[in-house]
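Enquirer: Sending over a structure as structure tokens; questions will come in a sec.
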């Protein structure tokens, strides 16, 4: 599930260049079931679904350094109960030297292993079968903030949410397409006016689509 997305586009190029390192571990490697390499079991108390057993996950985290007193990685569990992923949260993770993303499956992981989890992250108020897709989302959101991953660092400054509001509209050639024109200011060559237009459009778009962001930033709603 991971090798395809992590081998393409910016992430693939960054891995090839050694700017970032992404390693994928199969939890079955630490299974204590020699015959079937099973890592989950039915929940105590009954109910639907399966739960990741504590021993395989403990063994994995121990080998990956989670129990070290110094130099330990930051352990993140992907969970719908966690802090919602945001640009700020991604930025904080990007400053860490090493992050381990733990993917639960079905009903999640045995609660007793949460002792070694530093942070829970959710990508939204909905439930998925497992944490694999959220882990991919977190990995890309974090990796692109690592210096050298994105070719033009200035583009990060204009990303939606980086400045607390959404991004402005974008246009490219041709200047006239099916009777629709590019705003004249973008063709003027007046960089000060272009920048002013972009700021205004970004705020207007945020007001229309995500007014909550304007309330959070205290930005004037023009």
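The values are calculated or read from the model by the stated rules, or taken from the named source; none is laboratory data. Since we're looking at a predicted model, the values are computed, not measured. All Cβ positions, even for glycine, are placed from backbone atoms using ideal geometry, and neighbour counts span all protein chains on display.
Enquirer: Just checking, which of 71, 104 is at pLDDT below 95 and under 30 Å from residue 51 (Cβ atoms)?
Expert: After ruling out the rest, the residue left standing is 104.
Enquirer: Then there's this: For the stretch 80-115, name all the residues that are within 16 Å of residue 27 (Cβ to Cβ) and crowded, with 18+ Cβ neighbours inside 10 Å.
Expert: Hits for the stretch 80-115 are 100, 101, 102, 103, 104, 105, 108, 109, 110, 113.
Enquirer: Got at least one residue in the stretch 3-11 being touching a helix residue (DSSP H, G or I) at 6+ places or on another chain (Cβ under 9 Å) and within 15 Å of residue 132 (Cβ to Cβ)?
Expert: Yes, the conditions are met somewhere in the stretch 3-11.
Enquirer: Mind telling me which of the residues 16, 40, 26 ends up being modelled with pLDDT of 95 or more and surrounded by 14 or more Cβ atoms within 10 Å (Cβ to Cβ)?
Expert: 40
Enquirer: Kindly evaluate residue 166 against the criterion of being touching a helix residue (DSSP H, G or I) at 6+ places or on another chain (Cβ under 9 Å), within 14 Å of residue 85 (Cβ to Cβ) and modelled with pLDDT under 95.
Expert: When the stated conditions are applied, residue 166 does not pass them.
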